[in-house]
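Participant: Pasting in a structure now, in structure tokens, and then I'll have a few things to ask.
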Amino acid sequence: MKAVLDHVGIAVQDLDKALAFFRDALGLEVEVTEEVYAQRVRAHFIPTGESAIELLEATASESAIAKYIDKRGPGIHHITLRVPDIRATLAQLKTRGVRLVDEQPRPGAEGALVAFIHPSAAHGVLVELKQAARRLVEQWVTQMAFGNLQLTTVSDGSFRLDGGAMFGVVPRPLWEKKAPPDDRGRIVLAMRALLVEADWGRMLIDCGAGGKLDAKWSEIFGLERTRSLDHTLAEAGVEPEAIDVVLPTHLHFDHVGGAVSRTALGLVPHFPKARYVIRRGEWDAALEQHPRSRGSYFTDDVVPLDQAGVVDFFDDDREIRPGVRVARARGHTAHHQVVYLESGGKTAVFAADVVATQAHIQDNWITALDLYPMESFAFKQRFLREAIDREHLIFFDHDPSVSAGYVREKDGTRFVQRVI
Ligand SMILES: [Zn+2]
Ligand SMILES: [Zn+2]
């Protein structure tokens, strides 16, 4: 087995005194603080080459760190070894009869999986094993385990939309701080799809704009696909032939354009072995070509799927595959839907254009493109309240830097705690 020392965790009683030593006296740089709510701990990371020092500060008396300090005083609390396959390591330890705190890995910070080995088995040292989230290329591809599901965000590049259109009634001085516009007033948006891998197969939720847009439209939308969905899927080790199900949240070109490719044989399904599972109401709206939506729905993105006989239509909210459930979220379009991923007692949601970027976590930050903004507001208010209260992990489809995170609320202020 190969293991790398990831960090040494130090339980700190007086943070100011600890910083006076590590930061001021030693001159080390302290990274952004991360709060681990579940454990009532605030972690201050100090990078030291390949490894790091982690100063652990309890935020409540019931915190494990507070209890540790009560019993043994401040000092080294644990060491963390990074391993390539945490399940294999745990299995290996189990066959040797090593006493474990965690028989199964559990989610740690930043999408990692962690498990502790009991100190009695490790000569008095609490050892944490960690399998880091695979971050292949910045935020183009990020991967995390989520219960029995393997979730990988795969980007189809980026595009640009008018900043005012993305933030509706929010005045520019407020949104431009969060999403700086270019000289044409456009902001950069990722086109992020989500690959779900489970024992039933591989599903792609949304599939980007694809390569069909002509030069004129590509220019209007500032389309940047030098690293397209095919590239990012390949980086995640998946070929288009390996996708079993494509589930679009809605049929706007930036979510379903990648479903159809232009080839010598004409327009054909891009994922040749997939079923395309589509809500009938959304399909009808896309084909209606209402003047209000004509810039967002392109018939070439969907009609060839029906012609190829690969569409499975459905009408109502339902479980699409075990652990994957859709819920209609009328507002952005009449039949827009969010996708709930449920496994191991936890819930993640691919929120699509209900919460397109981190900036959209305010109830009233709704795009001007939404067809039914009052209904968007009502849905979003309920949706985010539940996501905050029940700690749903939110996947952001258009955020240029954060793929997924928890929405938190502190003293009436909302913020995103990034996971990947
Ligand atoms: Zn949309
Ligand atoms: Zn969109």
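The values are calculated or read from the model by the stated rules, or taken from the named source; none is laboratory data. The shown structure was predicted, so the numbers you read here are calculated from the model rather than taken from an experiment. Backbone-built Cβ (ideal geometry, glycine too); neighbour counts: all protein chains shown. These area figures cover heavy atoms from the full protein model, side chains too; ligands, DNA and RNA do not enter into them. Shrake-Rupley method; radii C 1.70, N 1.55, O 1.52, S 1.80 Å.
Participant: Name every residue in the stretch 379-414 that is within 25 Å of residue 247 (Cα to Cα) and in a strand (DSSP E or B), in order of residue number.
Facilitator: Within the stretch 379-414, 393, 394, 395, 404, 405, 406, 407 qualify.
Participant: Select, from 312, 317, 300, 306, the only residue that is closer than 22 Å to residue 347 by Cβ, acidic (Asp, Glu) and more than 16 Å from ligand 2 (Cβ to nearest atom).
Facilitator: Step by step, each of 312, 317, 300, 306 is checked, and only 317 is closer than 22 Å to residue 347 by Cβ, acidic (Asp, Glu) and more than 16 Å from ligand 2 (Cβ to nearest atom).
Participant: Residues being modelled with pLDDT of 90 or more and either under 30 Å from residue 91 (Cβ atoms) or among the acidic types (Asp, Glu) (or both): count how many of those fall in the stretch 19-34.
Facilitator: Count: 1.
Participant: Moving on to the next point. Counting just the residues of the stretch 360-382 that are touching a Lys or Arg at 6+ places or on another chain (Cβ under 8 Å) and open to solvent by 70 Å² or more (accessible area, probe 1.4 Å), which one comes out nearest to ligand 1 (Cβ to nearest atom)?
Facilitator: Among those residues, the one meeting the criterion is 372.
Participant: Another question about this same structure. Take the residues of the stretch 29-73 that are in a strand (DSSP E or B) and in contact (Cβ under 8 Å) with a residue 60 or more places away in the chain: which is surrounded by the most Cβ atoms within 10 Å (Cβ to Cβ)?
Facilitator: Out of the qualifying residues, it is 43.
Participant: Here's a follow-up. Collect the residues in the stretch 79-109 that are surrounded by fewer than 18 Cβ atoms within 10 Å (Cβ to Cβ) and basic (Lys, Arg), keeping them in residue-number order.
Facilitator: Listed by number, the residues that qualify are 87, 94, 96, 99, 106.
Participant: Another question, if that's okay. List, please: which pairs have Cβ atoms under 7 Å, are six or more places apart or on different chains, and start with a residue in the stretch 91-105 that is of a type outside the set (Val, Ile, Thr) and end with one that is surrounded by fewer than 12 Cβ atoms within 10 Å (Cβ to Cβ)?
Facilitator: 92/1; 99/120
Participant: Additional query: Name the strands (runs of 3 or more DSSP E) wholly within the stretch 124-225 that hold at least 1 residues that are open to solvent by less than 30 Å² (accessible area, probe 1.4 Å) and modelled with pLDDT under 90?
Facilitator: 141-146
Participant: Can you tell me which residue is farthest from the chain's Cα centre (by Cα) among those in the stretch 336-355 that are over 15 Å from residue 387 (Cα atoms) and modelled with pLDDT of 95 or more? It would help to see each step written out before you state the result.
Facilitator: First pass over the stretch 336-355, keeping only residues over 15 Å from residue 387 (Cα atoms): 336-337, 343-344, 353.
Those left that are additionally modelled with pLDDT of 95 or more: 336-337, 353.
Working: 336: 19, 337: 17, 353: 14 Å.
Taking the candidates together, the pick is 336.
Participant: How many residues does the stretch 255-275 hold that are away from ligand 1 (no atom under 16 Å from the Cβ) and either crowded, with 24+ Cβ neighbours inside 10 Å or among the basic types (Lys, Arg) (or both)?
Facilitator: First, the residues of the stretch 255-275 that are away from ligand 1 (no atom under 16 Å from the Cβ): 260-275.
Narrowing the set further to residues that are either crowded, with 24+ Cβ neighbours inside 10 Å or among the basic types (Lys, Arg) (or both) leaves 260, 262, 270-271, 273-275.
Of the residues in that region, 7 qualify.
Matching residues to (1) modelled with pLDDT of 95 or more; (2) in contact with a strand residue (DSSP E or B) (Cβ under 9 Å, 6 or more places away or on another chain); (3) at positive phi:
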| residue | (1), (2), (3) |
| --- | --- |
| 3 | no, yes, no |
| 13 | no, yes, no |
| 17 | no, no, no |
| 36 | no, yes, no |
| 47 | no, yes, no |
| 68 | no, yes, no |
| 79 | yes, yes, no |
| 86 | no, yes, no |
| 104 | no, yes, no |
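Participant: Only residues that are over 25 Å from residue 165 (Cα atoms) and either open to solvent by 60 Å² or more (accessible area, probe 1.4 Å) or without any contact (Cβ under 8 Å) to a residue 60 or more places away in the chain (or both): list them for the stretch 347-359, please.
Facilitator: Once the filter is applied, which keeps residues that are over 25 Å from residue 165 (Cα atoms) and either open to solvent by 60 Å² or more (accessible area, probe 1.4 Å) or without any contact (Cβ under 8 Å) to a residue 60 or more places away in the chain (or both), the stretch 347-359 yields only 347.
Participant: Do you know which residues across the stretch 332-341 are more than 16 Å from ligand 2 (Cβ to nearest atom) and free of Cβ contacts under 8 Å to residues at least 60 places away in the same chain? Walk me through it before giving the result.
Facilitator: Initial filter on the stretch 332-341 (more than 16 Å from ligand 2 (Cβ to nearest atom)): 340-341.
340 - this is the single residue of the stretch 332-341 that is more than 16 Å from ligand 2 (Cβ to nearest atom) and free of Cβ contacts under 8 Å to residues at least 60 places away in the same chain.
Participant: Same structure again: Would you confirm whether or not the stretch 291-301 contains a residue that is open to solvent by 20 Å² or more (accessible area, probe 1.4 Å), in a helix (DSSP H, G or I) and in contact (Cβ under 8 Å) with a residue 12 or more places away in the chain?
Facilitator: Within the stretch 291-301, one or more residues are open to solvent by 20 Å² or more (accessible area, probe 1.4 Å), in a helix (DSSP H, G or I) and in contact (Cβ under 8 Å) with a residue 12 or more places away in the chain.
Participant: For the stretch 239-254, give me each residue that is within 9 Å of ligand 1 (Cβ to nearest atom) and either in contact with an Asp or Glu (Cβ under 7 Å, 6 or more places away or on another chain) or among the β-branched types (Val, Ile, Thr) (or both).
Facilitator: Of everything in the stretch 239-254, those that are within 9 Å of ligand 1 (Cβ to nearest atom) and either in contact with an Asp or Glu (Cβ under 7 Å, 6 or more places away or on another chain) or among the β-branched types (Val, Ile, Thr) (or both) turn out to be 249, 250, 251, 253.
Participant: In addition: Kindly indicate the residue of the stretch 320-331 that is surrounded by fewer than 22 Cβ atoms within 10 Å (Cβ to Cβ) and assigned to a strand (DSSP E or B) and also farthest from ligand 2 (Cβ to nearest atom) among those meeting that condition.
Facilitator: It comes out as 321.
Participant: Among the residues that make up the stretch 113-123, is at least one of them free of Cβ contacts under 8 Å to residues at least 12 places away in the same chain and surrounded by fewer than 12 Cβ atoms within 10 Å (Cβ to Cβ)?
Facilitator: Yes, because at least one residue in the stretch 113-123 is free of Cβ contacts under 8 Å to residues at least 12 places away in the same chain and surrounded by fewer than 12 Cβ atoms within 10 Å (Cβ to Cβ).
Participant: In addition: Could you list all residues from the stretch 190-233 that are of a type in the set (A, V, I, L, M), within 14 Å of ligand 2 (Cβ to nearest atom) and within 20 Å of residue 269 (Cα to Cα)?
Facilitator: 191, 193, 194, 205, 209
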